[in-house]
């Protein structure tokens, strides 16, 4: 952990993240520990809580791995459907690829949220506020735009093979419930999350295989889709991982 902090301090050119030594110990009392001070400095920049602790598989742990470009193990959910071999029917939702990939925490599907109390239900694609989002395929808008998270909005589009929720978008969209969309059509713009301390301009993309019905967000953890370790996504049970599809669609970019 101290080596990771030391690496992060060098990579980010942030001396406040340096634990000032790698000895495998945390000096006592914690208030005078350089390691604890470095952890708290890191948490104040990259996480939603500051407690001076790094617990395995916690938000701080994943954020630290991401900062030093280490790929953590991602909990996979069972029974994921096969990816269509005809990827050309669908497009990536942006004309360019994001600078940060969608396979590493905290952007990845199934990453920890709320200090491990729930799992991330989609993939986050970081682009600046106002960037156009393109439909990933032909479809029909079945809901939205509606309030979603931290003063952003969402659209739900039935794309035939699956249902997509385009989340964390701006309130004003080019389409609404009942409208047909075409693959590559500009349908919404990237929104901005208000009130959080982590990177906050992105498309949050969720996919569902339509084997269930009802609201996509589930408030009762017992009824929700769960990660392999039992952590709830707080989503409908037909939630699927967008990662393999995004990996295919990155070769099919819409026109700007």
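What the table shows:
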| item | result |
| --- | --- |
| Highest to lowest packing among 189-197, 3-11, scored as the average C-beta count within 10 Å | 3-11, 189-197 |
| Extension gain, residue 256 back to residue 213 (0.36 nm per residue minus Cα-Cα distance, nm) | 12.1 nm |
| Separation of the residue 142 and residue 180 label points, Cα + 7 Å toward Cβ, nm | 1.8 |
| Ascending count of other beta-carbon atoms within 10 Å, so fewest first, for 150, 123 | 150, 123 |
| Scattering profile of region 181-227 at q = 0.22, 0.24, 0.28, 0.31 Å⁻¹ [log10 I(q)/I(0), Debye over alpha-carbon scatterers] | -1.04, -1.04, -1.06, -1.14 |
| Rh by Kirkwood over Cα pairs, then Stokes-Einstein D for region 100-216 at 0.692 mPa s and 37 °C, µm²/s | 228 |
| Segment residue 100-residue 16, length gained on full extension (0.36 nm per residue, minus Cα span) | 27.8 nm |
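We did not get these values from a lab; they are worked out from the coordinates using the rules stated. The structure presented is a predicted model; accordingly, all values stated were derived computationally and were not measured. Glycine also receives a Cβ, built like all others from the backbone with ideal geometry; neighbour counts cover every protein chain displayed.
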